[in-house]
1. Please specify each residue of region 108-158 satisfying the condition of being aliphatic (A, V, I, L, M) and over 10 Å from the mean Cα position of the chain (by Cα).
2. Quick check on my filter: what residues within region 68-99 are in a loop (DSSP other than H, G, I, E, B) and surrounded by 15 or more Cβ atoms within 10 Å (Cβ to Cβ)?
3. Starting from region 165-176, keep only residues that are of a type in the set (Lys, Arg), then list their pairs with residues that are modelled with pLDDT under 90 whose Cβ atoms are within a distance under 8 Å, requiring at least 6 positions of separation or different chains.
4. Residues to consider are 19, 71, 27; find the one that is farther than 18 Å from residue 135 by Cβ, within 16 Å of the chain's Cα centre (by Cα) and free of Cβ contacts under 8 Å to residues at least 40 places away in the same chain.
5. So how many residues does region 6-58 have that are more than 23 Å from residue 147 (Cα to Cα), part of a loop (DSSP other than H, G, I, E, B) and touching a Ser or Thr at 6+ places or on another chain (Cβ under 8 Å)?
Amino acid sequence: MKKKSNPIYERNTLEFVTVALEYCAFVVHAPESGLFDFVDKSIKILPLLYLKATLLPELEEDEDVDLEFSVTEEDYETIRSGLSVLLGERDSFLDTFHSDMQYSDTPIAATISENLADVYQDIENFISLYREGNEEVMHASIVKCYTNFREFWGQKLLNALKALHTVRYNDEDGIRSGDKA
């Protein structure tokens, strides 16, 4: 298949790959940054990641391709706990989009760290598959990533972004450049 006509090499796909790589590297190294820098960059990269995901091509699934995911439970927990420590008491927020909310009279608590780790897990799995260079696997990884975006991590990203917006702009204590936690 020619690269020009192949959706795995389209501009929108490659731009998503670029932003996805940046997001994964950012999240992995987030515990090394200060709280202000983390929150400030998060509220910039998350909308970009969301936008680029919406522009991914809608491809048909090839059920003959088996995908092997790279992110382990340990990897996930390392990301989640690192972000949790960085965010400290600002990690928790009330999730109004939780599926159990319709059956509850009380708010459902969620964490920014878990939402961002969920996004990381799908994005890192996509990146590791896409990097293989096997066009069938690359195609299948786009299908899986886009499906998961629509059904799962897109909402997780938006939930985290909303909470991070509050931390950045409405936090009573305020966060300042140089804050560590």
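1. Residues satisfying the conditions are 108, 109, 110, 112, 127, 129, 137, 138, 140, 142, 143.
2. Matches in region 68-99: 71, 91, 98.
3. Filtered contacts from region 165-176: 168/175.
4. Result of the check over 19, 71, 27: 19.
5. 1
The values are calculated or read from the model by the stated rules, or taken from the named source; none is laboratory data. Just so it is clear, the structure is predicted and the values come from calculations on it, not from any experiment. Because the Cβ atoms are built from the backbone with ideal geometry, glycine has one as well, and the counts that use them run over all protein chains shown.
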